[in-house]
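> Quick one: the structure is below, questions incoming.
No lab work stands behind these numbers, since they all come straight from the coordinates. Values in this document were obtained by computation on a predicted structure and should not be read as measured data. Cβ coordinates were reconstructed from backbone atoms using ideal geometry, including for glycine residues, and neighbour counts include every protein chain displayed.
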Amino acid sequence: MYYLIALGLLAIILAPLFVTYYNMKRGKKTTHSKRALLFNLAAFAVVCLTAIVLPLGGFASAATTDSTGLATGLGYLGAGLSTGLACIGAGVGVGHGAAAAIGAVTEDPKVFGRAMIFVVLGEGIAIYGLIISFMIVGRL
């Protein structure tokens, strides 16, 4: 239900921008564009006020904490970092290896197999990072 409200409010905010773009493409006077932008500003103010007023009926309470929250969070952070940094390293390695392989293959097509091995070795780094992240998440 709430996503429909958010979608409707987004449509109200973006509608004048489409009118402005359409008028600019047709070369019309700027009075329509100014009126559309003023309507956009008013709609934005209504959306902001609605976002402030609607949540006021709720009740907030403190969440319960458990002792394993920090350890679990750091475990997930470590798993994400191992995958992300391994993929960055693999991207750098494959980028340099593939560029050199393309240059070598253009000079001598017989070295395609050896060049492909070096490119695949760069991809292995990402796979190792993914395996390590699965091992970390498995222990959580």
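> What length, rounded to one decimal in nm, is gained on full extension from residue 42 through to residue 2, with 0.36 nm per residue of separation minus their alpha-carbon distance?
On the way: separation 40, 0.36 × 40 = 14.40 nm, distance 2.16 nm.
Length gained between residue 42 and residue 2: 12.2 nm.
> While we're looking at this one, here's another question. If you take the beta carbon distance between residue 54 and residue 17 as r and set R0 to 25 Å, what does 1/(1 + (r/R0)^6) give as a FRET efficiency, to the nearest 0.05? Mind dumping the intermediate values first?
On the way: r = 24 Å, r/R0 = 0.97.
It comes to 0.55.
> Moving to a separate point now. Relative to the present Cα-Cα distance, how much length would full extension add between residue 121 and residue 76 at 0.36 nm per residue of separation? Walk me through the intermediate numbers first.
Working: separation 45, 0.36 × 45 = 16.20 nm, distance 2.67 nm.
So the chain would gain 13.5 nm between residue 121 and residue 76.
> Rounded, prolate or oblate for segment 80-139? Axes are the square roots of the Cα gyration tensor eigenvalues, ordered a ≥ b ≥ c, and the cut-off for rounded is a/c under 1.5. Each step should come with its number before you reach the end.
On the way: a/c = 7.84, a/b = 2.89, b/c = 2.72.
Here segment 80-139 falls in the prolate category.
> Taking square-rooted eigenvalues a ≥ b ≥ c of the alpha carbon gyration tensor, is segment 2-55 rounded, prolate or oblate, where a/c under 1.5 means rounded and, failing that, a/b exceeding b/c means prolate? Please report the intermediate quantities before stating the final value.
Working: a/c = 6.37, a/b = 2.24, b/c = 2.85.
The shape class here is oblate.
> How would 136, 127 line up from fewest to most surrounding beta-carbon atoms within 10 angstrom? Could the numbers behind the result be given before it?
Working: 136 19, 127 12.
The fewest-first ordering by Cβ neighbours comes to 127, 136.
> While we're on this one: Net charge near residue 116: determine it from the other residues with C-beta under 15 Å of the C-beta of residue 116, scoring Lys and Arg +1 and Asp and Glu -1. Don't jump to the answer; show the numbers that get you there.
Numbers: positive: 110, 114; negative: 108, 123.
Counting the neighbours of residue 116, the net charge comes to 0.
> Using the count of nearby Cβ atoms within 10 Å as a rough guide to exposure, how do 72, 83, 106 rank from fewest to most?
Details: 72 11, 83 18, 106 8.
With the fewest neighbours first, 72, 83, 106 line up as 106, 72, 83.
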